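Participant: Sharing a structure with you now.
Read the figures in this text as sums done on the coordinates, not as results from a lab. Since the model is a prediction, treat every value here as computed from it, not as a measurement. Positions of Cβ are generated from backbone atoms using ideal geometry, with glycine treated the same way; all protein chains shown enter the neighbour counts.
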Amino acid sequence: MITEQDTLLKEKLKEVFGYSQFRGNQESIIQSISADHNTFVIMPTGAGKSLCYQLPAVMKPGTAIVISPLIALMKNQVDQLNVLNVKAQFLNSTLSKAEITKVRRDVLSGETKLLYVAPESLTKEENIAFLQKANISFVAIDEAHCISEWGHDFRPEYRKIKTIIDNLGNLPIIALTATATPKVQTDIQRNLQMEEAALYKSSFNRKNLYYEIRPKIDTKKQLIKYVKAHKGKSGIVYCLSRKKVEEIAQLLLVNDIKALPYHAGLDSHIRMANQDAFLNEDVDVIVATIAFGMGIDKPDVRFVIHYDTPKSLEGYYQETGRAGRDGLEGNCVMFYSYDDIIKLDKFNKDKQVTERENAKHLLQEMASYAESSVCRRRQLLHYFGEHVNQDCGFCDNCLKPREKFEAQEHVMMAIQAALQTNQRFDMAHLSDVLRGLENQYVISYGHNKLPIYGKGAAKDGAYWNSVIRQILLHDFLEKDIENYGVLKVSEKGMDFTENPYPVTLARDHDFSTAADDEDNENDPSGHPAGKACDPVLFELLKALQRKVAKEKKLPPYAVFQEPSLEEMATTYPTSKEDLSRINGVGMGKVEKFGRPFIELIGKYVDENDIATATEVVVKSTANKSKAKISIIQQIDRKVNLEDITEALDLSMADLIREIEHICYSGTRLNLDYYIDNLMDEERQDEIYDYFMTAETDNIQAAVQMLGDDYSEEELRLIRIKFLSEVAN
Ligand code: ADP
Ligand code: ZN
């Protein structure tokens, strides 16, 4: 039956916001708060929470207070509402005295429909006094999970909100959040004293998202390969630190991927410009800390990559949620290593005890999610309190199932462990009891005297944790809402103890080797360590190098250096562009010597049916550091080397080493202006001729031959001149 109220809501929806339909639960939610019922909304990001309080605020007499923790988003929302001709304002620490006075006047006159307030401002005496005089329609609490210290984003000032609202009269409350585990949900309702509230919980299932976890090995290479395979598509790469964001953005850039960084340490106008470049698709990839993405509504983000392991499943869910908002393709890949978990745990060491313990729990949940081989979607939904009986068939674990094992006996043991300890303990303790450990807790509770004690000693802690997690997921056990971490036996579990039946569980992934060896990856030469080098092709290339050298009357190393040949035999470049991407090869070298090499490799690839597109060379950022770029520019401007050393605070030896690096990576440098001043032509020629005929460009060999007459610095400078002129 359609009532008058329904029609009115629809009309307003169209008139004010321009939409013709409500989405999901929006209509019922709006009816609930409009009827002054306390209302609790749990809805994933992007599903349309704002409308749930904006529309009733417009329709009700008076001003609605919206409490929101993020000042930046507040301004956005207010701007958007003003565009729609809805009078909205905000009250926070960024306003001047005069602006505050104006806001107060407008609210008291009843003109303002929505007043956004930061929780800090709400607690101020003068603001409370003023709000008591205003006609308030209801209070909306956005990001309500900030109330709970059991969640991932606790804000102490949020816990005071209820007391303040009570001071303003008997106002209906609508609380909204995009993430809430069942524990957090009860915590919010209890704190706001709205246990009786109408609850609207949407499904958290994002059907179009593909979840995948990969071991954090060779991560840079995996990343570049992945992004290149999704060329031209929009993606976000999340890193934990600003430094990492900068580094990875650089890495993508030197590997010909259009990418920009985003983090709170950037100048605000640069940050905005980078964000806009991503929104307008001037760049494909934004590399960001989690500061990026809130309030951003780009529908066609095709991949979200977690380069580092996130701090909580809540964060992971929100960040991955930015992929595929339009319901089309959305790929979520996370790189995981337990080292990340340990690192993150260390960051928490300065926190207060309870906060630290909670953060640890969240991290443990993250680790189990990553290491488990159970359907990802099922795990995520279970975490947010949704029980599904089926695997999704579409995540990495579903598509590549791990080994399964029959676990009836062990399921029984785990349930017995919970029962015999009176259902008052957490996973770690149950696992200790099963394994027969003699720690302080086990002894003090007398659990070493239980029949189940030590019955599972044949298996280790990781095994029992995995079994317990999986039977939680299968609803044999359930989490106790009242006591964080405590596991109880469910009805299904009780039935099982009476009538046991076979249960199949899946073996966890083994990520123990997944420690990202960043030092190794950062090898400035960027060589793929010769590990995948094709020895046959390498010999062919070497023969060609010698032949070309002979024809051109040059030493072989001046044509291509051996590491470059090795890389060619690894990555099979078959075009000028590909070849120029090899470390030590610039376009100059490609033009000079490249053609026969490209032909040789092309022929070899054809004859041997080699798929070349799958291999990726990672050009290291180390070759193009800021210092190097600055050196190249200064040499172009013929700045004296002594002046460069001063400007960059380098020793002359360091500067020459940098210049050598530049030269060996294929860039041509003209140092004549400096060398001509340093030594006469005759001396130059003698060294030059030496390098022309030498077997090797090794500097020690040169010192042995010429060291009596020339300094090492002179030898090095001429070697640079020689290589620049004949090789680059
Ligand atoms: P949330 O706060 O839940 O993350 P928003 O309130 O920002 O989500 O809404 C997400 C997007 O959905 C916004 O662009 C909003 O304009 C749009 N939207 C919300 N409700 C509707 C609707 N009924 N019809 C069409 N678009 C809607
Ligand atoms: Zn699945």
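Participant: Set Lys and Arg Cβ to +1 and Asp and Glu Cβ to -1, take the dipole of the chain about its Cα centre, and tell me which of 266, 101, 549 lies farthest positive.
Facilitator: The listed residue farthest towards the positive side: 101.
Participant: How large is the Rg to Rh ratio of region 209-387 when both quantities use alpha carbon positions and Rh follows Kirkwood?
Facilitator: My calculation of the ratio gives 0.96.
Participant: Per residue of region 35-51, what does 6.51 cos²θ - 1.76 cosθ + 1.60 with θ = phi - 60° give for ³J(HN,Hα)? Whole Hz please, x for Gly and Pro, Karplus curve as stated.
Facilitator: Values per residue, Gly and Pro as x: 8, 6, 8, 4, 9, 10, 10, 10, 9, x, 3, x, 7, x, 6, 4, 4 Hz.
Participant: Sort 312-319, 493-500 by the packing proxy (mean of other Cβ within 10 Å over each peptide's residues), most packed first.
Facilitator: The most tightly packed comes first, giving 312-319, 493-500.
Participant: Ignoring everything except DSSP H segments at least 4 long, calculate the 222 nm mean residue ellipticity for the chain; use -39,500 (n - 2.57) per segment, divide by total residues, nearest 500.
Facilitator: The helix contribution divided over the chain gives -13500 deg cm²/dmol.
Participant: Here's something else I'd like to know. For region 530-605, what is the charge dipole size about the Cα centre, in debye to the nearest 20, if Lys and Arg each add +1 at the Cβ and Asp and Glu each add -1 at the Cβ?
Facilitator: 340 debye
Participant: For region 209-387, what's the relative contact order in percent, using C-alpha pairs closer than 8 Å and at least 6 residues apart?
Facilitator: Once normalised by length, the contact order is 25 percent.
Participant: Continuing with this model, one more query. What ranking do 143, 577, 157, 566 get, fewest neighbouring Cβ atoms within 10 angstrom at the top?
Facilitator: Starting with the residue having the fewest Cβ neighbours, the order is 577, 157, 143, 566.
Participant: Still on this structure, please answer the following. Using the Cα centre as the reference, give the magnitude of the dipole from point charges on the C-beta atoms of the chain (Lys, Arg: +1; Asp, Glu: -1; all else neutral), rounded to the nearest 20 debye.
Facilitator: Approximately 2600 debye in magnitude.
Participant: What Kirkwood radius, in Å to one decimal, follows from the Cα pairs of region 626-726?
Facilitator: Across region 626-726, the inverse of the average 1/r is 13.9 Å.
Participant: How do 95, 209, 671, 477 line up, fewest other C-beta atoms within 10 Å first?
Facilitator: 95, 671, 209, 477
Participant: Right, something else. Where nothing but the Cβ of Lys and Arg (+1) and of Asp and Glu (-1) is charged, how large is the charge dipole of region 4-201 around its Cα centre, in debye to the nearest 20?
Facilitator: 280 debye
Participant: I'd like the distance between the alpha-carbon centres of region 108-155 and region 429-464, rounded to an integer number of Å.
Facilitator: Taking the Cα centre of region 429-464 as reference, the centre of region 108-155 is 49 Å away.
Participant: Give me the base-10 log of I(q)/I(0) for the chain at each q in 0.08, 0.11 Å⁻¹, Debye formula, one uniform scatterer per Cα, rounded to two decimals.
Facilitator: -0.82, -1.17
Participant: Treating the angle as unsigned and between 0 and 90°, give the value, to the nearest 10°, between the Cα long axis of helix 268-279 and the longest Cα principal axis of the chain.
Facilitator: 90 degrees
Participant: Which one of 415, 446, 501 has its Cα pushed farthest toward the positive end of the charge dipole of region 408-502, where Lys and Arg give +1 and Asp and Glu give -1 at the Cβ?
Facilitator: Farthest towards the positive pole: 446.
Participant: List, in the order given, every pair from 14/201; 449/492; 201/488; 113/298; 124/201 whose Cα-Cα distance in the structure shown is over 31 Å.
Facilitator: Cα-Cα > 31 Å for 124/201; rest within.
Participant: Also, I was wondering about something else. Would you mind putting 14-23, 421-430 in packing order, based on average other-beta-carbon counts within 10 Å, highest first?
Facilitator: 421-430, 14-23
Participant: Would you work out which of 91, 344, 431 lies farthest towards the positive end of the dipole of the chain? Charges go on Cβ: Lys and Arg +1, Asp and Glu -1.
Facilitator: Most positive-ward Cα: 91.
Participant: Turning to a different aspect of this structure: Could you order peptides 102-114, 687-699 by the average number of other Cβ atoms within 10 Å of their residues, highest first?
Facilitator: 102-114, 687-699
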